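Okay, so here's the structure we're looking at.
The values are calculated or read from the model by the stated rules, or taken from the named source; none is laboratory data. Note that the structure is a prediction, hence the values are computed from the model and not measured. Glycine also receives a Cβ, built like all others from the backbone with ideal geometry; neighbour counts cover every protein chain displayed. Heavy atoms of the whole protein, side chains included, go into the accessibility calculation; ligands, DNA and RNA do not. Shrake-Rupley method; radii C 1.70, N 1.55, O 1.52, S 1.80 Å.
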Amino acid sequence: MVSAELARDAVGITGNVISLFLFMSPVPTFVQIWKKKSVEQFSAAPYLATLINCVVWVLYGLPIVHPHSTLVWTINGAGTAIEIVYLLLFIIHSDGKKRLKVLLIVLAEAIFMAVLTILVLTLVHTTKKRTVIVGIVAIVFNAMMYAAPLSVMKMVITTKSVEYMPFFISLASLANGVAWSAYALIKFDPFILVIHLPLSLATHAFL
């Protein structure tokens, strides 16, 4: 019989693979930016939101915050690196005003994470309390990151067209949500569950 720990690792690895695919999905956009040497009308907001979200989840997954969460910090560590590359390309090919705005937001995110990390690790002395604090912060930033996909869902309803919501990205989002929801249920993690289960249900409604 498969142990709960092995099952959790299996769905967690599955979630890592699907999440990596989703992190890589903007690559065609940045190939276009690279070729045209301009960000044109593209916004950095999704990548800035994803960056801070990933960094918070890296903190959440550390053994000194939430033990036994290696698969959480590894995929979010990869996501952090990918978003940094995206933002570097965005900064390089932006005009002065837009470049400054992105740099200031990245600086603000770095300061916020430094302050959060120092406060949590120095003032909070149990992993249970650290988990709750960082988990709540993670939920807030996850909501910001998922605001863009939810706005796309609204556009689908308004236009009655799935043109703005590619099927394979939607399917991957559903599979990702299911994998991480299962991961959170096998060894109950309310913070991961509250992020992924509602999004899975919402994505399922559009497939």
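Considering only residues that are part of a loop (DSSP other than H, G, I, E, B) and at pLDDT 70 or above, look in region 139-193 and name the one that is most open to solvent (accessible area, probe 1.4 Å). Write out each step before concluding.
As a first pass, look at region 139-193 and keep what is part of a loop (DSSP other than H, G, I, E, B): 146, 160-166, 187-189.
Narrowing further to those that are at pLDDT 70 or above: 187-189.
Working: K187: 85, F188: 137, D189: 4 Å².
If we take residues in region 139-193 being part of a loop (DSSP other than H, G, I, E, B) and at pLDDT 70 or above, then F188 is most open to solvent (accessible area, probe 1.4 Å).
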State the number of residues belonging to region 45-63 that are touching a residue at least 60 places away in the same chain (Cβ under 8 Å) and aliphatic (A, V, I, L, M). 6
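Closer than 20 Å to E109 by Cβ and either among the β-branched types (V, I, T) or open to solvent by 30 Å² or more (accessible area, probe 1.4 Å) (or both): is that true of V65 in this structure?
Numbers: closer than 20 Å to E109 by Cβ: yes; either among the β-branched types (V, I, T) or open to solvent by 30 Å² or more (accessible area, probe 1.4 Å) (or both): yes.
Yes.
Results for (1) within 30 Å of V115 (Cβ to Cβ); (2) in a loop (DSSP other than H, G, I, E, B); (3) among the aliphatic types (A, V, I, L, M); (4) open to solvent by 10 Å² or more (accessible area, probe 1.4 Å), shown as yes or no for each residue.
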| residue | (1), (2), (3), (4) |
| --- | --- |
| A7 | no, no, yes, yes |
| G15 | yes, no, no, no |
| S19 | yes, no, no, yes |
| P28 | no, no, no, yes |
| I33 | no, no, yes, no |
| V39 | yes, yes, yes, no |
| S43 | yes, yes, no, yes |
| P46 | yes, no, no, yes |
| Y60 | yes, no, no, no |
For the structure I just gave you, tell me whether I82 is part of a helix (DSSP H, G or I) and open to solvent by 20 Å² or more (accessible area, probe 1.4 Å). yes
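Is it fair to say V65 is at pLDDT 95 or above and in a helix (DSSP H, G or I)? Write out each step before concluding.
Details: at pLDDT 95 or above: yes; in a helix (DSSP H, G or I): no.
Considered against the rule, which asks whether it is at pLDDT 95 or above and in a helix (DSSP H, G or I), V65 comes out as no.
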Regarding L121, is this residue at pLDDT 95 or above and open to solvent by 60 Å² or more (accessible area, probe 1.4 Å)? no
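Would you confirm, using the coordinates I've provided, whether V56 is part of a loop (DSSP other than H, G, I, E, B), open to solvent by less than 30 Å² (accessible area, probe 1.4 Å) and over 21 Å from I92 (Cβ atoms)? Don't jump to the end; show me each part of the working.
Numbers: part of a loop (DSSP other than H, G, I, E, B): no; open to solvent by less than 30 Å² (accessible area, probe 1.4 Å): yes; over 21 Å from I92 (Cβ atoms): yes.
No; evaluated as a whole, the condition is false for this residue.
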How about region 103-118: which of its residues are closer than 26 Å to L88 by Cα and either surrounded by fewer than 16 Cβ atoms within 10 Å (Cβ to Cβ) or among the aromatic types (F, W, Y) (or both)? L103, L104, L107, A108, A110, I111, F112, A114, V115
Looking at (1) touching a Lys or Arg at 6+ places or on another chain (Cβ under 8 Å); (2) open to solvent by 40 Å² or more (accessible area, probe 1.4 Å), which one does K129 not meet, given that it meets all the others? (1)
Flag for L87 being open to solvent by less than 20 Å² (accessible area, probe 1.4 Å) and modelled with pLDDT under 95: no
